[in-house]
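Have a look at the structure below, then the notes.
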Amino acid sequence: MPAPRPPARRPAHPRPERPLAPGVEVRVHAARVLDAVVHRGRSLKSELAPVLPRLADPRDRALLEAVVFAALRGRHRYEAALRGWLARPPGAGDGSLVALLLAGCAQLDALQLPAHAALDATVEAARALGRPHQAGLVNALLRRAQREGFPAADPAAAWPQWLRKKVEAAWPQHAAAVFAASAHAAPLWLRVNRRLAGREAYRARLQEAGIAASIDPRLADGLRLDEPVPVAALPGFEEGLVAVQDGSAQQAADALAPEPGARVLDACAAPGGKAAHLLERDPTLELLALDVDPRRLARVEDTLRRGGLLGERVQLRPVDATTPALWWDGFTFDAILLDAPCSATGVVRRQPDILLHRRPEDIESLVAAQARLLDAVWPLLRPGGILLYATCSILPEENAGQVEAFLARTPDAAAVPLPEAFGHAAGPGRQRLTGEDGMDGFFYARLRKSE
């Protein structure tokens with residue numbers, strides 16, 4: 001389905017909108033967010049961030065997120081059906097109409113919402129979006145979707161061809177499973193703050209609240225919820241008892257495993273989950289967390305503050321890790337965590353707009369940035385120290401290939417093998433693929449500096 005061009009600019013002083021019924025308001029927001037993401041190249045995260053606080057009811061916020069994510073995950077199926085049902089392609093200014101139809105399809109298909117509620121609210125949203133003349137079309141198309149359902153589709157079709165070929169070449173025996181897993185919502189993984197609660201004790205609190213959780217033997221602090229709940233429903237969330245963090249990301253603390261009281265650098269720290277996990281395990285760590293974006297570093301501060309982890313031995317600096325001459329105090333680190341910026345191809349199910357926005361040239365740029373980071377922070381590691389290189393990518397050029405190239409040009413670096421619990425053997429490291437063990441795609445390589 002061709003992407004509609006952006007609609008004409010609205011008048012400078014539009015008439016004030018009448019208050020909308022809550023269900024209609026959610027659908028209007030969903031259409032506007034999807035229009036921006038699908039047709040104007042905007043980030044899903046950046047579009048949702050200012051919209052969610054406008055919804056007072058947490059159930060409405062949860063519904064908005066569910067609709068938008070489901071619409072993006074199923075977009076290739078829904079657009080294929082709509083192409084067959086529409087008498088003519090959408091017009092140049094029909095971006096919000098297409099987006100609203102995607103939202104409607106997701107409600108009926110992926111979310112299985114009651115048809116009468118989904119249809120009525122979505123049709124009314126068409127009027128609220130200034131499209132009363134198309135409300136009948138929305139009603140007719142969604143009723144057809146209700147009757148006929150949607151055609152089966154290969155999940156790989158959602159991936160741009162160039163990226164699909166990369167995954168298939170890298171993981172020929174696993175690519176189909178990666179594509180399938182990426183098309184579905186992930187389970188909700190929790191990390192229990194062991195400073196404040198034991199995992200079994202917290203699991204019992206969840207059960208008392210009617211929330212079922214399971215344990216994965218690979219994770220010392222993790223719990224898995226196959227039926228996600230709003231974070232507000234998690235006992236003690238605001239008090240820092242528990243955090244949301246995928247199981248793969250939780251394993252970074254195990255892979256780095258700094259010595260008690262070690263001096264640790266988290267070179268790309270945002271949003272702060274891995275730094276928090278390290279400090280929960282050992283509050284005596286001397287930790288320096290960096291991020292080049294001050295706004296993202298503020299999220300790290302919020303994460304650490306909620307867990308009660310800020311203290312004299314924890315510093316946060318809004319600096320670029322590749323320019324240590326501007327921030328390093330000259331004292332080496334015992335351990336370095338480099339969770340490098342990457343293509344995020346291992347977390348497509350959490351960030352489905354990646355498949356819309358990622359471009360081939362992005363990979364080359366990211367690989368170069370990762371290499372600069374490795375070369376910049378390695379000299380800051382003491383002899384005998386450990387650097388953990390990690391990404392949420394499943395592409396070898398960002399992972400095994402990146403580390404192999406670093407080892408080839410760095411004589412005092414050697415890979416330390418990681419056990420099978422971290423995924424498939426992948427050159428000097430380990431690779432978990434999307435959906436395996438219910439976790440995100442993630443790469444780990446543990447490097448030691450010779451003494």
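The values are calculated or read from the model by the stated rules, or taken from the named source; none is laboratory data. Note that this is a predicted model, so its numbers are computed, not measured. For neighbour counting, all protein chains shown are included, and Cβ atoms are generated from backbone atoms with ideal geometry for every residue, glycine included. All accessible areas refer to the heavy atoms of the entire protein, side chains included, with ligands and DNA or RNA removed. Shrake-Rupley method; radii C 1.70, N 1.55, O 1.52, S 1.80 Å.
Okay, here's what the table says:
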{"item": "Selected residue (criterion: farthest from the chain's Cα centre (by Cα)) from residues of the stretch 398-411 that are open to solvent by 10 Å² or more (accessible area, probe 1.4 Å) and among the charged types (D, E, K, R)", "result": "Arg409"}
{"item": "Residue that is assigned to a helix (DSSP H, G or I) and under 14 Å from Leu355 (Cβ atoms), where the choices are Ala204, Ala157", "result": "Ala157"}
{"item": "Per-region count, the stretch 320-348, residues among the aliphatic types (A, V, I, L, M) and surrounded by fewer than 18 Cβ atoms within 10 Å (Cβ to Cβ)", "result": "2"}
{"item": "Within the stretch 278-297, considering residues that are assigned to a strand (DSSP E or B) and open to solvent by 10 Å² or more (accessible area, probe 1.4 Å), the one nearest to Asp329 (Cα to Cα)", "result": "Leu288"}
{"item": "Number of positions in the stretch 82-138 that are open to solvent by 30 Å² or more (accessible area, probe 1.4 Å) and touching a Phe, Trp or Tyr at 6+ places or on another chain (Cβ under 8 Å)", "result": "1"}
{"item": "Pair list, Cβ < 8 Å and 6+ apart or interchain, from the stretch 292-317 residues that are within 26 Å of Lys45 (Cα to Cα) to residues that are surrounded by fewer than 16 Cβ atoms within 10 Å (Cβ to Cβ) and among the aromatic types (Phe, Trp, Tyr)", "result": "Arg317/Trp327"}
{"item": "Flag for Arg194 being in a loop (DSSP other than H, G, I, E, B) and in contact (Cβ under 8 Å) with a residue 24 or more places away in the chain", "result": "yes"}
{"item": "Enumeration of residues in the stretch 412-437 that are under 18 Å from Trp171 (Cα atoms), open to solvent by 10 Å² or more (accessible area, probe 1.4 Å) and out of contact with any Phe, Trp or Tyr (no Cβ under 8 Å at 6 or more places or on another chain)", "result": "Glu420, His424, Ala425, Gly427, Pro428, Gly435, Glu436, Asp437"}
{"item": "Hey, Leu366 part of a helix (DSSP H, G or I), open to solvent by less than 50 Å² (accessible area, probe 1.4 Å) and in the same structural domain as Ala257 (by the TED database) or not", "result": "yes"}
{"item": "Matching strands (runs of 3 or more DSSP E) fully within the stretch 383-440 where at least 3 residues are more than 19 Å from Phe333 (Cβ to Cβ)", "result": "424-426, 429-432"}
{"item": "The lone exception for Phe150 - which of (1) surrounded by fewer than 14 Cβ atoms within 10 Å (Cβ to Cβ); (2) in contact with a Phe, Trp or Tyr (Cβ under 9 Å, 6 or more places away or on another chain); (3) hydrophobic (A, V, I, L, M, F, W, C) it fails", "result": "(1)"}
{"item": "Cross-chain or 6+ apart pairs with Cβ under 7 Å, the stretch 39-57 first and assigned by the TED database to the domain that holds Gly95 and over 19 Å from Ala232 (Cα atoms), then of a type in the set (A, V, I, L, M) and open to solvent by 40 Å² or more (accessible area, probe 1.4 Å)", "result": "His39/Ala3"}
{"item": "For Gly346: the one exception among (1) in a loop (DSSP other than H, G, I, E, B); (2) touching a residue at least 40 places away in the same chain (Cβ under 8 Å); (3) not β-branched (Val, Ile, Thr)", "result": "(1)"}
